[in-house]
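The values are calculated or read from the model by the stated rules, or taken from the named source; none is laboratory data. Predicted, not measured: the structure shown is a model, and the values here were computed from it. All Cβ positions, even for glycine, are placed from backbone atoms using ideal geometry, and neighbour counts span all protein chains on display. Surface accessibility is based on the protein's heavy atoms, side chains included, excluding ligands, DNA and RNA. Shrake-Rupley method; radii C 1.70, N 1.55, O 1.52, S 1.80 Å.
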Amino acid sequence: MNDIKITIIDREGVSHEVDAPTDMNMNVMELIRAYELAPEGTIGICGGMAMCASCQCYVLNDVELPEMSDDEEAMLSEAFNVKENSRLGCQIHITPEIEGLLVELAPEN
Amino acid sequence: MIETDILIIGAGPTGLFAVFEAGLLKLKCHLIDGLPQPGGQLTELYPKKPIFDIPGYPSVGAAELIDNLMEQIKQFEPGFTLNEVAETIDKLEDGTFIVTTNKGTKHHAKAVAIAGGLGSFEPRKPVIDNIAFYEDKGVEYFVKNPELFRDKKIVIAGGGDSALDWSIFLADVASSVTLVHRRNEFRGALDSVEKVQELKKQGKVNLITPAEVIEVHGENHVNALTLQIGDEKQQIETDYFIPLFGLTPKLGPIANWGLEIEKNAIKVNNALDYQTNIPGIYAIGDVNIYPGKLKLILCGFHEATLMCQSVYNLINPGKKYVLKYTTVSGIDGFDGTRKEAEKAVVKSID
Ligand SMILES: Cc1cc2nc3c(=O)[nH]c(=O)nc-3n(C[C@H](O)[C@H](O)[C@H](O)COP(=O)(O)OP(=O)(O)OC[C@H]3O[C@@H](n4cnc5c(N)ncnc54)[C@H](O)[C@@H]3O)c2cc1C
Ligand code: FES
């Protein structure tokens, strides 16, 4: 079994605990799309290149995540509704280490 | 009025390839796109990236694929209305359509193929309460005509290539240019960053970082902005505010055309020909939805091919079309060219 549990609060405030595969080279943005937790065209617009911030989410618990790359930091510095705990979902790869992660999708801009 | 057989809305890969398939059937195409250049997502979002899943190309650059498609369709002389967004559609009594753009350009077509991808690209607007009030009153999301800013005070916000490029360009046009960015670092071409640095030294660009525009002021036109610089707020006078935070696609005006929409996409009949609920209007490529839909370039090409066959039957009822192979039948371009496989028949052998 290669799945971990991740909880995602969608833009309507509804919480979803989903099974996330660790063996499919997926990231949190793709997971949200796979479970259709945000309407098509409102998330993952740049395909996960840290270029659109449509996948911005707020990290709500203290699961340790990999450090931000320069690209992610640069995109978040231009994005809207950014908070201290903002990350780009497409830059968070699904690995066993992030089991139990709780994130909330930032509002669409 | 622009006249055509198939009016294609969206000049992404799907729309472009549709011109080729239509050309084989002797149907003329005209394309509308809101962007200034053809190519859709490939030119707008990832021009320098390689694509690995186009049949026959182990790897092809996105911009190169678009160049190749443009070359492939040249012989069918498509028309282009670029930089304009298709806004309204009217069906005439004879079943043909008139599509009008946001700039009033009218197109008359026997069939309409919407190849609008994720939608038309619109500017990402900063979250400032009253910003909508100042749009066209000093807030500009695009630099359409640089002359508008001649001898004016301008503030540009953003940290990417557009913000850098326009700061450089307008430094010689405007009376003062202020560039505001949330970080000290910029992400843009290295030489643009260096150029802005140089202009700052010369006093031609006023750089304020890390800072953010948080309020817009003025009676009927922008005359000042409030900046948040660290913990401080500061007002600065300006005639124009140009936020350049990139583009985001929105289905836009097409959403009001009476088409059946599901999950931000247009529902089509995929068992047959990708026609929408309005006969004569088709939707192909990323913009459509049907059970099992995949948003891939390859799938857009396939859908474009079937759409063209259906339009042929719509325009020529009762006329039989027999599928031909281009290898055998060759291609007759509308420009008088003819392409066919070379024949090498040697009748006698000495
Ligand atoms: C980062 C990234 C990488 C990708 N990599 C691949 C890959 O490797 N392989 C693959 O097959 N696919 C890939 N894709 C998906 C691929 O880009 C799309 O499937 C493809 O672009 C769809 O083509 P299209 O012509 O249907 O739409 P688009 O390319 O989206 O073009 C639509 C055009 O329509 C215009 N438009 C929309 N509405 C209007 C209107 N009302 N008026 C005027 N113009 C309008 C838009 O401006 C746009 O230019 C990738 C996508 C992204 C974002
Ligand atoms: S999908 Fe565009 S930044 Fe994550």
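Yes/no matrix, rows are residues, columns are (1) within 27 Å of B:Tyr325 (Cβ to Cβ); (2) within 14 Å of chain A (Cβ to nearest Cβ); (3) more than 16 Å from ligand 2 (Cβ to nearest atom); (4) more than 10 Å from the chain's Cα centre (by Cα):
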{"residue": "B:Leu16", "(1), (2), (3), (4)": "yes, no, yes, yes"}
{"residue": "B:Gly23", "(1), (2), (3), (4)": "yes, no, yes, yes"}
{"residue": "B:Leu35", "(1), (2), (3), (4)": "no, no, yes, no"}
{"residue": "B:Gly40", "(1), (2), (3), (4)": "no, yes, yes, no"}
{"residue": "B:Thr43", "(1), (2), (3), (4)": "no, yes, yes, no"}
{"residue": "B:Pro55", "(1), (2), (3), (4)": "yes, no, yes, yes"}
{"residue": "B:Pro58", "(1), (2), (3), (4)": "yes, no, yes, yes"}
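Are there any pairs with C-beta distances below 7 angstrom linking a residue in the range A:66-80 that is crowded, with 16+ Cβ neighbours inside 10 Å to a residue that is among the charged types (D, E, K, R), with the two at least 6 apart or on different chains, and if so which?
Close Cβ pairs satisfying both conditions: A:Ala74/B:Glu185; A:Ala74/B:Arg187; A:Ser77/B:Arg182; A:Ser77/B:Arg183; A:Glu78/B:Arg182.
Which condition number in (1) within 21 Å of B:Glu237 (Cβ to Cβ); (2) in a helix (DSSP H, G or I) is the one that B:Ala132 fails?
Result: B:Ala132 fails condition (1) only.
What number of residues in the range B:289-344 are away from chain A (no Cβ under 14 Å) and either outside any loop (DSSP other than H, G, I, E, B) or within 16 Å of ligand 1 (Cβ to nearest atom) (or both)?
Pass one, the range B:289-344, residues away from chain A (no Cβ under 14 Å): B:291-292, B:298-344.
Among the residues that remain, those that are also either outside any loop (DSSP other than H, G, I, E, B) or within 16 Å of ligand 1 (Cβ to nearest atom) (or both) are: B:292, B:298-315, B:326-329, B:331-332, B:338-339.
Of the residues in that region, 27 qualify.
Quick one: B:Thr276 ticks every box in (1) surrounded by 17 or more Cβ atoms within 10 Å (Cβ to Cβ); (2) out of contact with any strand residue (DSSP E or B) (no Cβ under 6 Å at 6 or more places or on another chain) except a single one, so which number is it?
(2) is the only condition that B:Thr276 fails.
Just to be sure, is B:Gly138 crowded, with 17+ Cβ neighbours inside 10 Å, within 14 Å of chain A (Cβ to nearest Cβ) and not β-branched (Val, Ile, Thr)?
Considered against the rule, which asks whether it is crowded, with 17+ Cβ neighbours inside 10 Å, within 14 Å of chain A (Cβ to nearest Cβ) and not β-branched (Val, Ile, Thr), B:Gly138 comes out as no.
Scan the range B:242-266 residue by residue and report those that are away from chain A (no Cβ under 13 Å) and part of a strand (DSSP E or B).
Answer for the range B:242-266, where residues must be away from chain A (no Cβ under 13 Å) and part of a strand (DSSP E or B): just B:Ile242.
Which numbered condition trips up B:Tyr321, out of (1) away from ligand 2 (no atom under 16 Å from the Cβ); (2) surrounded by 14 or more Cβ atoms within 10 Å (Cβ to Cβ)?
(2)
Do any strands (runs of 3 or more DSSP E) lying entirely in the range B:1-94 carry at least 1 residues that are away from ligand 1 (no atom under 13 Å from the Cβ) and buried (at least 23 other Cβ atoms within 10 Å of the Cβ), and which ones are they?
B:2-9, B:29-33
Is it the case, given these coordinates, that B:Val99 is away from chain A (no Cβ under 14 Å), touching a residue at least 24 places away in the same chain (Cβ under 8 Å) and away from ligand 1 (no atom under 16 Å from the Cβ)?
no
Does A:Gln91 fit the bill of being of a type in the set (S, T, N, Q), within 15 Å of ligand 2 (Cβ to nearest atom) and touching a residue at least 60 places away in the same chain (Cβ under 8 Å)?
yes
When residues of the range B:171-192 are filtered for being of a type in the set (A, V, I, L, M) and closer than 16 Å to A:Asp70 by Cα, how many remain?
Adding up the residues that qualify gives 2.
Considering (1) facing chain B (nearest Cβ under 9 Å); (2) within 16 Å of ligand 1 (Cβ to nearest atom), say which one A:Gly48 fails and leave the rest.
Of everything listed in (1) facing chain B (nearest Cβ under 9 Å); (2) within 16 Å of ligand 1 (Cβ to nearest atom), A:Gly48 misses just condition (1).
For A:Ile8, only one of the following conditions fails: (1) surrounded by fewer than 20 Cβ atoms within 10 Å (Cβ to Cβ); (2) in contact with a Phe, Trp or Tyr (Cβ under 9 Å, 6 or more places away or on another chain); (3) among the hydrophobic types (A, V, I, L, M, F, W, C); (4) within 16 Å of A:Pro107 (Cα to Cα). What is its number?
All conditions are met except number (1).
Please indicate, with yes or no, whether at least one residue in the range A:35-50 is over 24 Å from B:His181 (Cα atoms), buried (at least 19 other Cβ atoms within 10 Å of the Cβ), modelled with pLDDT of 95 or more and in contact with a Ser or Thr (Cβ under 8 Å, 6 or more places away or on another chain).
no
Just to check your reading of the model, which residue among A:Pro39, A:Pro21 is in contact with an Asp or Glu (Cβ under 9 Å, 6 or more places away or on another chain), away from ligand 1 (no atom under 16 Å from the Cβ) and within 14 Å of chain B (Cβ to nearest Cβ)?
Within the list A:Pro39, A:Pro21, the selection yields A:Pro39.
Looking at A:Ala20, is it more than 16 Å from ligand 2 (Cβ to nearest atom), under 23 Å from A:Pro96 (Cβ atoms) and either in contact with a strand residue (DSSP E or B) (Cβ under 7 Å, 6 or more places away or on another chain) or among the small types (Gly, Ala, Ser) (or both)?
yes
Looking at A:Ser54, A:Ser86, can you tell me which residue is crowded, with 16+ Cβ neighbours inside 10 Å, within 14 Å of chain B (Cβ to nearest Cβ) and away from ligand 1 (no atom under 16 Å from the Cβ)?
A:Ser86
Return the residue satisfying two criteria in turn: it lies in the range B:324-344 and is open to solvent by 70 Å² or more (accessible area, probe 1.4 Å) and closer than 14 Å to B:Glu21 by Cβ, and of such residues it is modelled with the lowest pLDDT.
Looking at the filtered set, the residue picked out is B:Lys324.
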